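So the structure is just underneath, and the comments pick up after that.
The values are calculated or read from the model by the stated rules, or taken from the named source; none is laboratory data. Just so you know, these numbers come straight off a predicted model, no measurement behind them. When we count neighbours, we look across all protein chains shown, and the Cβ atoms used for this are built from the backbone with ideal geometry, even at glycine.
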Amino acid sequence: MTTEAARYFSRELLSWYLEIRRDLPWRQNRDPYRVWVSEIMLQQTRVDTVIPFYERFMEKFPTAAALAEAPEAEVLKSWEGLGYYSRARNLQAGAREVVSLHGGVVPDDKEAVASLRGVGPYTTGAIMSIAFNRPEPAVDGNVMRVLSRYFCLEEDIAKPATRVGIEKLAASLIPEGSAGDFNQALMELGALVCTPKSPGCLTCPVLQHCEGRMAGKEHILPIKTKAKPPRPETRLAAIITGSGEHAGRILVRQRPESGLLAQMWELPHVLFAPGGDSTGSTAAKRRGRGAAAKAAAAAAAETAAGAAPSALEQHARQAEYMSRALSAEEGLLVRPTSWWGEMEHVFSHIIWDVQVFRAEFGFWVQSAAKQEAVTLAGAAAESAVFYEASSAAAESQALPANYRWIGPEHMKELAFPNVFVRILRDYWNELD
Ligand code: SF4
């Protein structure tokens, strides 16, 4: 790297940014709380998606104190649709620390900011530079890509040592007195011009000295070893309809206090793992994702074995499996009546293929009797009369604390992961 190329980069990038900077809601002022919320929302999420969420969130929780005082369910509800819900929980925990330790004001102190819950080195750098104009680097994947290309760096950016080196480089590039604007300029270049798949070199403000471009490597940089692909899982979910006093309602449950999607609401569902294979298809694992891919893989496997099940047979098998698993795991007896549809949901480490079945409510079984329930479920699945006789009485039983009957009006108050929002929205729309 030459000093001239580095100076050119800082100068040209900054003046480009001051000319084209987008008018985004978190750029209205330099309030550190506003910067903090925007940076957390923008992790793993596109700017266009974040804007409406950010505006609603700031209206509801305009200060760290307002966020700290809010019930967690309300915060999660405001985050519904953005995904990665631990971000919302950590943000609220951080806001509570700001209230208890710093009088409700995000401090102009790097160590104190870095120690807040959910605030890592990137967010610390973003808050310190954008809100307080401190010369701190804010290096995320976007920035590593831009700097790897401009300086033609061929080290693996998945390695911590590479990140440390790029952070030092980014810090050395910050023009005096312009840390906030410069860091935002880097982010803006990565978002608008030096994009992951198709860098727009011809419109790039720093094209003239870009070493990656001169070496013809702009499309292969940055070097990054691949993360493990997400693991596919088939989930069997039930839309369990009520009758009697719960007619027109369906049964939902709240997830445990910790772990994946903690405390969010969902349809009761189980992992489909016939024979210990959680996907129901080893070929599907190889193909990686998608209901269509999995169906094709399953079909191929079955054909090879000389017996391809029809979709109808596959759904019947899954419905029976779901009924048995729900009774074994939850003591919840249901009678699946038909296949409703399917939905895919991609997490960072898992892909859910959710197969959804309509089902009628049977009854609850206390834990001691769960084994008996499994046997019953097998017999009862065959008998509508059995369910009709038992369900009216059973629905008036007290529900376990994490279950409740809901109608469409309750969707406004409970936070669901996106996949269940989509399923329930389609389900309620069909009934209209
Ligand atoms: S010239 Fe191309 S590769 Fe280099 S920084 Fe600009 S957009 Fe990226």
Scan region 187-211 for residues that are within 10 Å of the ligand (Cβ to nearest atom), assigned to a helix (DSSP H, G or I) and of a type in the set (Gly, Ala, Ser) and report the count. 1
Do the conditions hold for Trp36, that is, is it in a helix (DSSP H, G or I) and more than 19 Å from Val139 (Cα to Cα)? no
Given the conditions (1) modelled with pLDDT under 95; (2) closer than 30 Å to His219 by Cα, report the number of the one that Arg117 does not fulfil. (2)
Members of region 318-340 found to be under 15 Å from Phe272 (Cβ atoms) and touching a Pro at 6+ places or on another chain (Cβ under 7 Å), listed by number: Ala319, Tyr321, Met322, Ser323, Leu326
For the list (1) free of Cβ contacts under 8 Å to residues at least 40 places away in the same chain; (2) away from the ligand (no atom under 16 Å from the Cβ), I need the number of the one condition that Ala170 fails. (2)
Can you say whether Ala171 is more than 28 Å from the chain's Cα centre (by Cα) and either crowded, with 19+ Cβ neighbours inside 10 Å or assigned by TED's automatic domain parsing to the domain that holds Asp31 (or both), as far as the supplied structure shows? yes
Taking the stated definitions as given, is Ala227 of a type outside the set (D, E, K, R), exposed (fewer than 11 other Cβ atoms within 10 Å of the Cβ) and farther than 24 Å from Arg22 by Cα? yes
Gln184 passes all but one of the listed conditions (1) part of a helix (DSSP H, G or I); (2) touching a helix residue (DSSP H, G or I) at 6+ places or on another chain (Cβ under 6 Å); the exception is number (2)
It is to be established whether one or more residues within region 213-227 are within 8 Å of the ligand (Cβ to nearest atom), in a helix (DSSP H, G or I) and in contact (Cβ under 8 Å) with a residue 24 or more places away in the chain. yes
What's the total number of residues in region 103-115 that are in contact with a Leu (Cβ under 9 Å, 6 or more places away or on another chain) and under 16 Å from Leu67 (Cβ atoms)? 1
When you look at Glu257, is it within 9 Å of the ligand (Cβ to nearest atom) and either free of Cβ contacts under 8 Å to residues at least 60 places away in the same chain or more than 30 Å from Arg335 (Cα to Cα) (or both), yes or no? no
Please find, among Arg56, Arg46, the residue that is closer than 28 Å to His102 by Cα and without any contact (Cβ under 8 Å) to a residue 40 or more places away in the chain. Arg56
Quick check on region 120-140. Is at least one of its residues out of contact with any Gly (no Cβ under 6 Å at 6 or more places or on another chain), closer than 20 Å to Val47 by Cα, within 16 Å of the ligand (Cβ to nearest atom) and not charged (D, E, K, R)? yes
